[in-house]
1. I'd like the residue in region 125-149 that is touching a helix residue (DSSP H, G or I) at 6+ places or on another chain (Cβ under 9 Å) and buried (at least 18 other Cβ atoms within 10 Å of the Cβ) and, out of all such residues, is farthest from residue 50 (Cα to Cα).
2. Any residue in region 115-130 that is assigned by TED's automatic domain parsing to the domain that holds residue 25, assigned to a helix (DSSP H, G or I) and either under 22 Å from residue 150 (Cα atoms) or free of Cβ contacts under 8 Å to residues at least 24 places away in the same chain (or both)?
3. Regarding residue 61, is this residue farther than 10 Å from residue 157 by Cα, assigned by TED's automatic domain parsing to the domain that holds residue 75 and either in contact with a helix residue (DSSP H, G or I) (Cβ under 8 Å, 6 or more places away or on another chain) or at pLDDT 95 or above (or both)?
4. Regarding region 155-163, can at least one residue be identified that is modelled with pLDDT under 95, crowded, with 18+ Cβ neighbours inside 10 Å and either touching a strand residue (DSSP E or B) at 6+ places or on another chain (Cβ under 7 Å) or assigned by TED's automatic domain parsing to the domain that holds residue 61 (or both)?
5. Check 54, 37, 96 and return the single one that is part of a loop (DSSP other than H, G, I, E, B), touching a residue at least 40 places away in the same chain (Cβ under 8 Å), assigned by TED's automatic domain parsing to the domain that holds residue 24 and at positive phi.
């Protein structure tokens, strides 16, 4: 059985606010940097700042919609602060909350993957299972519960998709630096069939105007191997 892949690693992240301490900020990107060190003082954890509406969330863009099986959230090591993360919320959405105005909140406005039902532990990975009835979603949200001591802190966030083999499209995106071959193609279906019959082809870029099919030796895994391009669509099997 193949090992499940964390689809949040190094993906773009945003947040409701950022805590700044000793001129050092703790942005949402620290929740998906691959470092689950629970020592907040080593700049390894996302931390929300003071907020008027106490919305307190971090959101990650997976670039491609996935049907998520479960999410893992690692907490900081300070036992005295574990109550802040009790009953934390994991949400899934296809709504883009990047650049959200500061006077708008998102609590209660997105489908729930689930709520962690127990008191949290320090320096621990907490698992939340998602409902199998939820559709594929592009964004994962971790949010602090209401009526707990304020201070959302996430040392690492990971999400793992269900086993699927469906070709999905990301509109206006093109993978770069991993093109094996470029071939003419009359349609997306023909492009995908060429990929399936080519060794080491894992995804395609399809040019709608020039009818070019780019066969890629790789998949979109981080923000450094794709670019926005309105003339192309990216296709990958999940």
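1. Filtering region 125-149 for residues touching a helix residue (DSSP H, G or I) at 6+ places or on another chain (Cβ under 9 Å) gives 126, 142, 144-145, 148-149.
Next cut, buried (at least 18 other Cβ atoms within 10 Å of the Cβ) only: 142, 144.
Working: 142: 17, 144: 13 Å.
So, considering only residues that are touching a helix residue (DSSP H, G or I) at 6+ places or on another chain (Cβ under 9 Å) and buried (at least 18 other Cβ atoms within 10 Å of the Cβ), the one farthest from residue 50 (Cα to Cα) is 142.
2. No, every residue in region 115-130 fails to be assigned by TED's automatic domain parsing to the domain that holds residue 25, assigned to a helix (DSSP H, G or I) and either under 22 Å from residue 150 (Cα atoms) or free of Cβ contacts under 8 Å to residues at least 24 places away in the same chain (or both).
3. Working: farther than 10 Å from residue 157 by Cα: yes; assigned by TED's automatic domain parsing to the domain that holds residue 75: yes; either in contact with a helix residue (DSSP H, G or I) (Cβ under 8 Å, 6 or more places away or on another chain) or at pLDDT 95 or above (or both): yes.
Judged against the criteria, residue 61 is a match.
4. yes
5. Details: 37 fails: at positive phi; 96 fails: at positive phi.
None of the others qualify; the one that does is 54.
Residue-wise test of (1) under 20 Å from the mean Cα position of the chain (by Cα); (2) under 30 Å from residue 131 (Cβ atoms); (3) part of a strand (DSSP E or B).
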{"position": "147", "(1), (2), (3)": "no, yes, no"}
{"position": "159", "(1), (2), (3)": "yes, yes, yes"}
{"position": "169", "(1), (2), (3)": "yes, yes, yes"}
{"position": "174", "(1), (2), (3)": "yes, no, yes"}
{"position": "195", "(1), (2), (3)": "no, no, no"}
{"position": "214", "(1), (2), (3)": "no, no, yes"}
{"position": "220", "(1), (2), (3)": "yes, yes, no"}
{"position": "230", "(1), (2), (3)": "no, no, yes"}
{"position": "234", "(1), (2), (3)": "yes, yes, yes"}
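The values are calculated or read from the model by the stated rules, or taken from the named source; none is laboratory data. Everything numeric here is computed off the predicted structure, so don't read it as measured data. Every residue, glycine as well, gets a Cβ built from its backbone with ideal geometry; the counts of neighbours run over all protein chains shown.
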